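Below is one structure, written out as structure tokens; comments come after it.
The values are calculated or read from the model by the stated rules, or taken from the named source; none is laboratory data. This one's a predicted model, so the numbers in the text were calculated from it and none came from an experiment. Backbone-built Cβ (ideal geometry, glycine too); neighbour counts: all protein chains shown. To get the accessible areas, we keep the full protein, side chains included, count just its heavy atoms, and leave off ligands, DNA and RNA. Shrake-Rupley method; radii C 1.70, N 1.55, O 1.52, S 1.80 Å.
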Amino acid sequence: YRNFIGKGLRCLLNGPNTEVYKNAYHTSGRFCSQSSWPLAAKITSLQNSSVGQLPHHFSAWNIQIIRSFHVSPSFQAAPVPLFWIIVKPAQKLFAIILGRSIRKWWKALPPNKRELFKETARKNKWKILLGVSSLGVLFVMFYFTHLEETPITGRARLLVFGKEHFRELSQMEYDMWMEEFKNKMLPETDARYQVVERVVGHLSESNKDIPQVSALRWVIHVVDEPGVNAFVLPNGQVFVFTGLLNAVSDIHQLSFILGHEIAHAVLEHAVKKASLVHFLDFLSLIFLTMIWAICPRDSLAVIGQWIQSKLQEFMFDRPYSRTLEAEADKVGLQFAAKACVDVRASSVFWQQMELAETIQGQPKLPEWLSTHPSHENRAEHLDRLIPEALKIRERCNCPSLSGPDPRLIFRLNMQHLLESSKDEETPNSTKRDLSKPNLDFPHT
């Protein structure tokens, strides 16, 4: 189970900047950040606040890239999809053996029999074409008969596996995570746990009109791990690492991140991703057989198989993963807006990550090589969505946003950083200048 499904994407201390690709699902950008202020000091107000309030300050954003960050883990398939994932190597092996056997059979045929076979094929070309076309029609019919409407967005999606299977496996995955982190779970009395509990509770209460949100029971788990990580299982189990709590700048950014993760669960991205991967893998078996049958040597067939797998990955798998990430950003921003969060902080979050990678000299890969949108494109996408999110806040009778736009604050800090670098100021003074003001958390 662990070998084929994986245990989620997490931060790797002092590890290379890698992309971890799983067939089931994987999410978020690559960055790491860690605040220089202890979280316990930041949330003292939480312990003295009333039940209906959240702390209005969270942290400054002194960012250091110390490990590779993934917000979400790889989402899993259920027992039936798990069966297909387990037998997939056997399917590929069968396709290779079949294609190789066809090639050897053809080479072993005498020249006269080859010509006879070609002549027979030419005479029956319309029958062969009809058979191939019928097979293609079956695939098209299968695709369109398994399309369903995505919750909230209404976008068409392919569903091959039943949702009940994923609910079963969600419990299996939950048991696995609980076993791994059983000695690192923070108690409910811990202030950091209470921060996450109130943020998730506020998000779920503000979006209870959405059936997919109200149908799930959101259970909080805060793991005492330095990794900057957070994920939500399809059954509503929320896992947040303390490294993430130290990394976010304020309560608004934390609310957006958790809204993004909740959106993955509500939109059932695990089911969508596993279904598409299974459908494409089944189609690829036909091409794999053809490659091993046509290529004259095994070495060329291996190269052809590698090219075919990379084309599938970069033309279908990774673009689809980026699409799911953008969809989760959009819906997560709507969740945060209905909770009266300052949605403007969402784009600042990714701008900070872009700045952090630049400061640390992290190599920038083209977006088409990644399973996730680049930090820069993600921030621009959110900036385009923020006006509509602000209208949602107004329709929900949220209090007007007070104070300057955090995006403006970030730009001013960036200008100050550039000026400071020209004056050769020390890194510590630059970090102090980049500290962000505390932001109030408005309520419905």
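Restrict the check to the stretch 227-234 and report whether at least one residue is surrounded by fewer than 23 Cβ atoms within 10 Å (Cβ to Cβ), in contact (Cβ under 8 Å) with a residue 40 or more places away in the chain and under 22 Å from residue 307 (Cα atoms). Within the stretch 227-234 (the criterion being surrounded by fewer than 23 Cβ atoms within 10 Å (Cβ to Cβ), in contact (Cβ under 8 Å) with a residue 40 or more places away in the chain and under 22 Å from residue 307 (Cα atoms)), the answer is no, since none of the residues qualifies.
Looking only at residues of the stretch 387-403 that are within 11 Å of residue 338 (Cβ to Cβ) and of a type in the set (Lys, Arg), we find that the one that is least open to solvent (accessible area, probe 1.4 Å) is 393. Does residue 271 meet the test of being farther than 14 Å from residue 92 by Cβ and part of a helix (DSSP H, G or I)? Yes, satisfied.
Among the numbered conditions (1) assigned to a helix (DSSP H, G or I); (2) under 27 Å from residue 168 (Cα atoms); (3) open to solvent by less than 30 Å² (accessible area, probe 1.4 Å), the only one that residue 221 does not meet is (1).
Restrict the check to the stretch 146-169 and report whether at least one residue is open to solvent by less than 70 Å² (accessible area, probe 1.4 Å), at pLDDT 75 or above, in a helix (DSSP H, G or I) and farther than 21 Å from residue 230 by Cα. Taking every residue of the stretch 146-169 in turn, none turns out to be open to solvent by less than 70 Å² (accessible area, probe 1.4 Å), at pLDDT 75 or above, in a helix (DSSP H, G or I) and farther than 21 Å from residue 230 by Cα. Within the stretch 170-184, the set of residues being open to solvent by 50 Å² or more (accessible area, probe 1.4 Å) and either closer than 12 Å to residue 224 by Cβ or modelled with pLDDT of 95 or more (or both) comprises 182, 183, 184.
The residue that is farthest from residue 338 (Cα to Cα), among those in the stretch 205-215 that are open to solvent by 30 Å² or more (accessible area, probe 1.4 Å) and either over 20 Å from the mean Cα position of the chain (by Cα) or among the basic types (Lys, Arg) (or both), is 215. Condition test on residue 232, is it under 12 Å from residue 262 (Cα atoms) and touching an Asp or Glu at 6+ places or on another chain (Cβ under 6 Å)? Yes: the conditions hold for residue 232.
When the stretch 334-371 is limited to residues that are under 18 Å from residue 261 (Cα atoms) and in contact with a Ser or Thr (Cβ under 6 Å, 6 or more places away or on another chain), the one that is most open to solvent (accessible area, probe 1.4 Å) turns out to be 338.
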